[in-house]
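Let me begin by presenting the structure, written as structure tokens, before commenting on it.
Nothing in this text is a laboratory measurement; each read-out follows from the coordinates by a stated rule. These numbers were taken from a predicted model, which means no experiment stands behind them. Virtual Cβ from ideal backbone geometry, glycine too; neighbours counted across all protein chains shown.
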Amino acid sequence: MLGDASEAAADSFDDRRVDLTSFEKDLTVADWATKYRVGDVVQGPWFQRPIDTISPTKTIGKGRTNLTLGEPDILQVDAATPYASLSYRPTTAGGPFVSVHFEPAAYGITTVGTYVIAFLLEAASPVALVAGGYAGGGTLSGTGNKTLSGRQTVSVVLGGVPANGKVNAMIQQASPGGSWTWYSTSIEYPPLLIQI
């Protein structure tokens with residue numbers, strides 16, 4: 001009987017379409033204008049779309065760009081909107097996580113750059129997460145403790161990354177709490193700011 005109820009709940013979640021463009025962003029253009037100096041982020045080239053997007057159905061990008069999922073409860077690639085569901089349990093890695101590695105040179109990038117690695121996440125009730133990463137000799141911002149509630153984008157900014165760097169960003173649940181869902185992670189340049 002319990003199995004039937006669990007299957008019905010999973011089926012209704014798997015049929016649910018999620019508008020990934022509707023997620024609340026944690027970094028707005030106004031944030032960029034006030035938190036970052038123009039000289040810190042003006043490094044081209046500039047594109048409106050992501051450099052790449054890693055998702056449950058696209059786990060490998062160019063070069064060493066790839067996904068690592070640590071201890072997911074479910075990885076559902078045939079859902080209407082593919083997802084990985086995670087919930088806390090102690091592991092040798094400290095708790096469940098989503099990590100995306102990125103190799104700029106594999107995308108033809110030849111200069112030092114600043115990149116935003118943005119995770120599209122969802123939680124029905126508040127969940128405590130930790131954001132971190134490695135910038136390959138560059139700088140990290142947007143790291144540390146985060147509280148996820150509802151549909152949100154959680155971003156880690158990697159600044160001053162060498163073109164031949166092999167960098168990463170990750171989100172990890174390091175303490176007990178509710179479950180959370182990961183849909184995708186985009187790798188982007190910061191927005192273009194013009195100082196007048």
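Inter-label distance, Thr147 to Asp73: 2.1 nm, where each label sits 7 Å from its Cα along the C-beta direction. Taking 0.36 nm per residue of separation and subtracting the current Cα-Cα distance, fully stretching the chain between Tyr107 and Ser22 would add 27.8 nm. The distance between label points at Thr57 and Ala124 comes to 2.5 nm (points 7 Å beyond Cα on the Cα→Cβ vector).
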